[in-house]
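K.L.:
Below are the structure tokens for one structure; questions will follow.
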Amino acid sequence: MSGPLLRNRWFVGSVGGTFLLLVFSVFVGFVWLPSAQDDSLFKGLLNSICSAAGVPRSWLGEASAPVTSPVKVSEVVMTPTTLDEPSSGGGVGRGATLALRCTMCHGLRGVSTSQTPTLAGQYASSLYKELRDFQSGARASAVMAPLVAELHDQDLRDLSAYYASLPRQQSPATQDLQSAPDIVATGAPMRNIPPCGSCHGRLTAKLGVPWLDPQPRDYLKTQLEAFAHGTRRNDTSAQMRNIARNMTTEEIDASVDYYSGTR
Amino acid sequence: MIYNKRLILAHFWLAFALFGVAILLGEWQMFIRSPLHGWLRNADLYYRSVTAHGTVMGYVFPTLVAMGFGYFISEAALGQPLVGRRWAWAGYYMIIIGSVAAVVPVAMGLDSVLYTFYPPMIGNAFYYIGVVLVVVGSWVWVALMGINLYVWKRAHPGAPVPLAMFANVAGAYLWGWTAVGAALELLFQILPVALGFATTINAGLSRVLFSWTLHAIVYFWLMPAYIAFYTIVPRAIGGRLYSDSMARISFALFLVFAMPIGIHHLFADPEVGAGFKVVHSIFTAMVAVPTLLTVFTICASVEIAARLRGGKGLFGWVKALPWANPQMLALALSFVMLGFGGAGGLINMSYQLDSTIHNTQWVTGHFHLIFGGAIVIMYFALAYDLWPHLTGRALLNLRLVHWQLWLWFIGMIVLTFPWHYAGLLGMPRRMAFYDYTAPGMFAEGVSVVMSTIGGAILVVSAALFLTVLIRNHSAARVDPEPFTFSRAVHEPVSLPWALNGLGLWLGLMIALTITNYGYPIVQLMMTPEGRVPPVFVGGKP
């Protein structure tokens with residue numbers, strides 16, 4: 001290279017050309033196209049630039065307040081750190097003491113022998129969410145509501161930690177997806193029903209979602225039907241209500257049979 | 001003269017062996033999701049296969065081809081033994097270790113996240129570490145290419161850098177810079193979560209960082225094919241390269257315009273402002289310039305060869321071309337696929353039109369046609385051209401080579417045309433099974449069956465390709481003439497500094513990365529509420 005850069009035709013041509021192209025595309029993307037929007041909130045140079053850059057402006061403030069639900073909805077926000085807070089002298093041992101009130105229905109060590117769900121080895125995130133929902137009324141139960149009414153948040157955390165620490169008893173039948181009914185293994189894509197295992201384990205597991213095997217047959221069936229009828233509504237985004245509503249009676253029976261095993 | 005034949009052959013053979021395995025996975029996937037097979041009971045098997053197929057075909061295979069070809073070019077074009085031979089082997093072994101570390105957990109079902117990672121999905125950390133090792137191994141090559149050119153330039157002050165090496169180093173630097181996006185995503189977003197140091201991930205930021213890599217990686221894949229267009233084909237068919245300067249300008253423009261365009265992969269993403277999507281869309285359109293320059297220059301070079309062979313008339317010269325020559329055939333087939341693929345690409349890159357095909361099978365059809373078709377067929381061609389020089393044995397069976405190239409072309413058309421059509425019908429991508437019994441989905445089922453047949457043809461072609469190469473190793477020994485690259489009509493005597501080095505173009509590449517990516521990245525980094533819980537694959541809650 002010889003001579004100063006700004007006199008060099010390669011430098012001036014390439015850098016200048018690229019700069020002009022950049023100015024042109026920025027003008028189109030940030031000024032011209034946004035101003036062509038037929039929306040008064042996007043009018044004006046600053047508004048159009050900010051909207052195109054994705055910067056929230058005051059027009060967000062004019063939005064109406066969120067609608068409040070006439071029925072009680074779940075307020076639990078589960079994140080991976082929700083249950084991480086150090087317990088104040090609580091934990092599994094304290095949970096075990098508190099759990100004495102649960103044993104009559106859920107078994108001595110969390111393995112139910114009646115039609116109530118088994119809690120031993122259940123994910124702590126799922127236990128905690130359900131307990132909170134019973135407490136707030138988002139999940140209705142005449143039996144559970146009075147039992148959790150006066151418990152503190154720390155009590156719920158300790159109970160969840162205790163039951164999660166107990167050994168889980170899995171039935172061998174649910175280890176094998178080959179023998180699973182279609183609704184469990186593949187769902188029904190045209191009816192927006194994903195495979196059960198895509199949230200409840202085996203394929204992937206999602207935070208706050210319980211495993212299902214083995215739970216008592218009657219319990220599973222009652223819950224699926226409650227989701228289908230909309231009488232249970234503590235699934236935050238209505239995912240279980242939408243799934244259960246689209247399931248046939250035969251599919252509900254097949255999935256319940258599969259997950260309950262011999263119970 | 002080629003000094004390190006073992007090193008180059010090792011790269012090519014590992015690339016082609018992995019390609020041979022991964023293409024079987026691809027065909028299995030097509031078959032599994034076609035109406036020819038019932039629904040998979042365990043959909044995870046499908047996603048494992050897609051992850052492995054994509055990881056091998058997207059990261060390992062083209063990287064190894066570019067590296068092997070790059071070492072070859074460095075020695076053949078510069079006429080000097082490779083500087084840093086031990087480092088090159090170290091990079092090679094790093095890629096082997098990385099590939100094993102990545103593929104084993106994928107096979108175990110711990111990393112069914114697909115090769116584009118899709119955060120907030122998170123799998124076993126070994127997969128990501130393996131991919132990082134592959135990238136770091138390839139960065140050794142990037143550095144070596146720069147160093148070898150530097151050493152040569154010092155020994156030959158003022159001399160024009162051979163075109164093949166100019167383009168090769170452009171490809172290396174493009175890869176070096178574009179891989180930074182995915183590396184940042186892996187190191188600062190995904191791995192901390194996969195290793196348990198963090199419990200949330202900024203999915204939007206991760207996606208923007210990946211888009212930094214996602215489009216320019218395609219041009220990195222494309223570089224060896226374009227180098228073959230310019231520096232092998234004209235020589236092989238007995239012609240001359242029409243313009244050396246035009247070739248250099250094309251490679252320089254690829255370097256500049258491949259980078260600041262990746263957000264066109266995020267047109268449907270809410271975390272990027274619409275203005276940046278328009279800017280990236282316009283810059284994507286600019287890639288048409290070096291592409292069309294190439295098509296023009298190569299067609300002109302081919303015409304020179306035809307007229308030298310006595311071709312006459314406005315189009316009559318086409319008949320005079322050496323169609324029996326594999327390089328000629330591969331070039332023609334590649335250009336046809338590049339034409340169709342490029343036309344489809346115009347739809348993908350348009351902010352408005354993209355919404356009609358976004359996340360449909362159209363997109364997968366598109367990148368198989370462009371990469372698997374137009375580019376990979378030139379990988380075959382360059383292997384055929386290089387092999388006798390690497391093994392010192394004759395590549396005799398031209399009939400088999402012809403069959404192989406034609407089958408690859410036919411297979412790719414039969415695979416991808418119905419694939420595009422299925423996308424136009426609205427068939428979504430990334431699903432293990434489809435309900436073809438549903439009303440209105442019959443046509444999609446038919447097109448997937450056609451694609452499955454196309455894929456089977458490709459498997460046959462791949463088997464022929466490997467057969468040709470393997471048989472060469474036991475063929476009669478020959479003493480091939482010294483390897484040469486194409487000569488230009490007007491060979492460069494002295495070049496302007498801008499076309500004899502990459503500094504100017506690298507500067508523009510980095511400047512445009514900052515203007516086009518700077519704000520979206522900083523904005524997302526300063527949006528802590530963009531952090532979401534990971535979704536662990538492999539059953540971890």
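Values in this text are rule-based calculations from the coordinates and carry no lab data. Just so you know, these numbers come straight off a predicted model, no measurement behind them. Cβ sites come from the backbone with ideal geometry, for glycine too, and all protein chains shown count toward neighbours.
K.L.:
Please list the non-local residues whose amide H lies under 5 Å from the amide H of B:ALA488, H modeled 1.01 Å from N, same-chain partners needing a gap of 5 or more.
P.N.:
Hits under the 5 Å cutoff: B:LEU241.
K.L.:
Just tell me, in residue order, which DSSP H segments of chain B are both 24 angstrom or longer along the helix axis (alpha-carbon based) and at least 0.5 in mean Kyte-Doolittle hydropathy.
P.N.:
Helices meeting the span and hydropathy rule in chain B are B:5-32, B:61-78, B:85-107, B:125-155, B:163-185, B:288-308, B:326-349, B:398-424, B:442-472, B:503-525.
K.L.:
While we're looking at this one, here's another question. Which percent, to the nearest 5, of DSSP beta bridges fully inside the protein assembly as shown are antiparallel?
P.N.:
In the protein assembly as shown, approximately 70 percent of DSSP beta bridges are antiparallel ones.
K.L.:
Now a separate question. Could you give me the percent of Cα pairs per 10 Å distance bin for region B:398-448, shortest bin first, beginning at zero and ending with the bin that holds the maximum distance?
P.N.:
Histogramming region B:398-448 at 10 Å steps yields 23, 40, 20, 14, 3 percent.
K.L.:
Report the charge-dipole magnitude of region A:92-165 in Debye, nearest 20, computed about the Cα centre from +1 at each Lys and Arg Cβ and -1 at each Asp and Glu Cβ.
P.N.:
Its charge dipole is roughly 140 debye.
K.L.:
Now a separate question. At 222 nm, what helix-only mean residue ellipticity would chain A give, in deg cm²/dmol to the nearest 500, using -39500 (n - 2.57) for each DSSP H run of four or more?
P.N.:
Value at 222 nm, helices only, nearest 500: -12000 deg cm²/dmol.
K.L.:
Treating each Cα of region B:159-316 as an identical point scatterer and ignoring solvent, apply the Debye formula and state log10 I(q)/I(0) at q = 0.14 Å⁻¹.
P.N.:
The Cα Debye sum returns log10 ratios of -0.78.
K.L.:
Also: So how strong a dipole does chain B carry about its Cα centre when Lys and Arg Cβ are +1 and Asp and Glu Cβ are -1, to the nearest 20 debye?
P.N.:
1100 debye
K.L.:
Show the residues, 5+ positions off or on another chain, whose built amide H is closer than 5 Å to the amide H of A:ALA188.
P.N.:
Here the answer is A:ILE193, since their amide H atoms fall under 5 Å of that of A:ALA188.
K.L.:
May I ask you to sort A:CYS199, A:CYS105 by Cβ crowding, counting other Cβ atoms within 10 Å and putting the fewest first?
P.N.:
Fewest to most other Cβ atoms nearby, the residues stand as A:CYS105, A:CYS199.
K.L.:
Could I ask something else about it? In chain A, what is the count of Lys pairs whose alpha carbons are under 24 Å apart, counting only pairs at least 8 residues apart or on separate chains?
P.N.:
So the count of such lysine pairs works out to 6.
K.L.:
Which aspartates and glutamates, if any, have their Cα less than 15 Å from the Cα of B:LYS277, not counting same-chain residues under 8 positions apart?
P.N.:
Hits, sequence-local ones excluded: B:ASP269, B:ASP354.
K.L.:
Which is farthest toward the positive dipole end of region A:92-165 among A:CYS102, A:MET144, A:ALA120, measuring Cα position about the Cα centre, with Cβ charges +1 (Lys, Arg) and -1 (Asp, Glu)?
P.N.:
So the residue furthest toward the plus end is A:ALA120.
K.L.:
Once you keep just the Cα pairs under 8 angstrom separated by 6 or more residues, what percentage relative contact order results for chain A?
P.N.:
After rounding, I find 17 percent.
K.L.:
Kirkwood hydrodynamic radius, computed over distinct alpha-carbon pairs, for region B:497-537: how many Å, to one decimal?
P.N.:
13.1 Å
K.L.:
Reported to two decimal places, what Rg/Rh ratio describes the protein assembly as shown when computed on Cα atoms with Rh from the Kirkwood expression?
P.N.:
A ratio of 1.02.
K.L.:
Another question about this same structure. Between region B:332-384 and region B:419-498, how many Å separate their Cα centres?
P.N.:
A separation of 10 Å, based on Cα centres.
K.L.:
Do me a favour and compute the ellipsoid semi-axes for region A:172-260 from its Cα gyration tensor, root of five times each eigenvalue, largest one first, whole Å.
P.N.:
18, 14, 14
K.L.:
Tell me which residues come under 5 Å, amide H to amide H, from B:MET121 once H is placed; ignore anything under 5 positions away on its chain.
P.N.:
Under 5 Å from the amide H of B:MET121 lie the amide H atoms of B:VAL535, each far enough along the sequence or on another chain.
K.L.:
Cross-link partners among aspartates and glutamates for B:LYS319, C-alpha distance below 12 Å, same-chain residues fewer than 8 apart left out?
P.N.:
Answer for B:LYS319, where 12 Å is the Cα cut-off: B:GLU303, listed by chain and number.
K.L.:
Quickly estimate the mean residue ellipticity at 222 nm for chain B, helices only: each DSSP H run with n ≥ 4 gives -39500 (n - 2.57), and the total goes over all residues, rounded to 500.
P.N.:
Only helices count here, giving -22000 deg cm²/dmol.
K.L.:
Roughly how far apart, in whole Å, are the Cα centres of region A:126-175 and region B:85-134?
P.N.:
Taking the Cα centre of each part, region A:126-175 and region B:85-134 sit 40 Å apart.
K.L.:
Moving to a separate point now. Could you rank the peptides B:471-480, B:241-250, A:239-248 by their average count of other C-beta atoms within 10 Å per residue, with the highest value first?
P.N.:
B:241-250, A:239-248, B:471-480
K.L.:
In debye to the nearest 20, how big a dipole does the protein assembly as shown give about its Cα centre with +1 on each Lys and Arg Cβ and -1 on each Asp and Glu Cβ?
P.N.:
1880 debye
K.L.:
Choose one of B:GLY204, B:LEU504, B:TYR118: the residue whose Cα lies farthest towards the positive end of the charge dipole of chain B (beta-carbon charges +1 Lys, Arg; -1 Asp, Glu; about the Cα centre).
P.N.:
Final value for the positive-end residue is B:LEU504.
K.L.:
Moving on to the next point. Along its three principal axes, how long is chain A when you only count alpha carbons? Whole Å, largest extent first please.
P.N.:
Sorted largest first, the three principal extents are 89, 45, 45 Å.
K.L.:
Let me ask another. Considering every residue in A:74-83, what mean count of other chain Cβ atoms within 10 Å of its Cβ is obtained?
P.N.:
2
K.L.:
Now for a different question. Cut-off under 24 Å on the C-alpha distance; same-chain residues fewer than 8 positions from B:LYS153 excluded. Which lysines are left, in chain and number order?
P.N.:
B:LYS5
K.L.:
Considering the options B:TRP177, B:VAL493, B:MET337, tell which one lies farthest towards the positive end of the dipole of chain B, charges being +1 on Lys and Arg and -1 on Asp and Glu at the Cβ, about the Cα centre.
P.N.:
Farthest towards the positive end: B:VAL493.
K.L.:
What ranking of B:CYS299, A:CYS102 emerges when the number of other C-beta atoms within 10 Å of each C-beta is taken as an exposure proxy, fewest first?
P.N.:
B:CYS299, A:CYS102
K.L.:
Another question, if that's okay. I need B:MET427, B:MET450 ordered by Cβ neighbour count within 10 Å, fewest first.
P.N.:
B:MET450, B:MET427
K.L.:
Run the Debye formula on the Cα coordinates of region A:92-165, all scatterers equal and no solvent, and tell me log10 I(q)/I(0) at q = 0.14, 0.15, 0.16, 0.25 1/Å.
P.N.:
Those come out to -0.37, -0.42, -0.49, -1.29, one per q.
K.L.:
Based on the mean of other Cβ atoms within 10 Å per residue, sort peptides A:66-77, B:204-215, B:109-120, B:402-413 so the most packed one is first.
P.N.:
B:204-215, B:109-120, B:402-413, A:66-77
K.L.:
While we're on this one: Restricting to Cα pairs below 8 Å that are 6+ residues apart, what does the relative contact order work out to for chain B? Please round to a whole percent.
P.N.:
21 percent
K.L.:
Now for a different question. Using only alpha carbon positions, build the gyration tensor of region A:8-59, then give the equivalent ellipsoid semi-axes as the square roots of 5 times its eigenvalues, largest first, whole angstrom.
P.N.:
31, 10, 6
K.L.:
Taking N as the number of residues in chain B, what is its alpha-carbon radius of gyration divided by 2.2 N^0.38 Å?
P.N.:
That works out to 0.95 for chain B.
K.L.:
HN-Hα J couplings of region A:194-199 from phi, Karplus 6.51/-1.76/1.60, θ = phi - 60°, integer Hz, Gly and Pro as x?
P.N.:
x, x, 4, x, 6, 10
K.L.:
Moving to a separate point now. Shielding of B:518-524 by partners, i.e. mean partner chain Cβ atoms within 10 Å per residue?
P.N.:
Per residue, the average neighbour count from other chains is 1.
K.L.:
Shielding of B:401-414 by partners, i.e. mean partner chain Cβ atoms within 10 Å per residue?
P.N.:
0
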